[in-house]
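Structure first, then comments.
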Amino acid sequence: MKLRIKLIISSLFLFIGVSNLSQAQRINANNLEQPSDATARELITVNGSDNNRTENTAVKALFSTLFPNATSPQWSQNASNSFVSFLNNGRRASACFSAKGKLNYAITTCELDQLPKELRKMINKRYKTYSLFNATQIMAYGETAWQAILENETGFITLKYTPDGIEEIQQVKK
């Protein structure tokens with residue numbers, strides 16, 4: 001079971017890395033056509049057609065429940081998923097919901113002090129010469145994982161933290 005969770009989360013990291021960039025570009029393209037009035041911020045399909053504007057109340061209700069402190073939501077959707085980029089307690093975040101209104105995943109940027117204590121402790125102990133380049137919290141499939149990318153003068157190291165432990169998943173030389 002633990003190996004399966006690790007495989008799912010690792011696959012999700014890869015999928016999110018590839019899809020997040022293209023999704024952000026689609027959302028920005030839609031925002032150029034979107035009215036600035038906050039009441040007009042409905043879900044917009046990727047093709048931006050006015051006939052495809054819909055309001056998925058189940059998704060928005062779940063979103064409000066899961067992220068009560070969310071601000072500046074920017075919505076987009078395709079045939080099977082709804083996507084939202086927003087600020088959650090001042091941190092950039094994005095989430096994907098299924099057409100049935102279930103959370104597929106949520107990704108939130110983190111600072112060092114927002115990472116789990118065990119991960120911070122390991123970073124301070126084993127990676128003293130590194131600084132935090134980027135960190136994210138990922139909620140998916142009922143699990144939460146954190147990813148920390150560390151940088152020093154020679155390269156980058158990516159660490160993954162799950163309830164199963166901490167794992168070094170990648171090293172990249174400069």
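The values are calculated or read from the model by the stated rules, or taken from the named source; none is laboratory data. Here the structure is a predicted model, which means the values were calculated and not measured. Neighbour counts are summed over all protein chains in view; Cβ atoms, including those assigned to glycine, are modelled from backbone coordinates with ideal geometry. Ligands, DNA and RNA are excluded from the accessible area calculation, which covers all protein heavy atoms including side chains. Shrake-Rupley method; radii C 1.70, N 1.55, O 1.52, S 1.80 Å.
Could you please let me know if Ile123 is under 27 Å from Phe67 (Cα atoms) and β-branched (Val, Ile, Thr)? When the stated conditions are applied, Ile123 does not pass them. Counting only residues that are aromatic (Phe, Trp, Tyr) and surrounded by fewer than 21 Cβ atoms within 10 Å (Cβ to Cβ), the stretch 59-89 holds 2 of them. Residues that are assigned to a loop (DSSP other than H, G, I, E, B) and open to solvent by less than 60 Å² (accessible area, probe 1.4 Å) within the stretch 133-163 comprise just one, Asn152. Candidates are the residues of the stretch 99-132 that are open to solvent by less than 20 Å² (accessible area, probe 1.4 Å) and among the small types (Gly, Ala, Ser); the one that is modelled with the lowest pLDDT is Gly101. Just name the residue that is farthest from the chain's Cα centre (by Cα) out of those in the stretch 67-96 that are modelled with pLDDT of 95 or more and aliphatic (A, V, I, L, M). So, considering only residues that are modelled with pLDDT of 95 or more and aliphatic (A, V, I, L, M), the one farthest from the chain's Cα centre (by Cα) is Ala70. When Gln170 is tested against (1) modelled with pLDDT under 95; (2) open to solvent by 30 Å² or more (accessible area, probe 1.4 Å), just one condition goes unmet, and that condition is (1).
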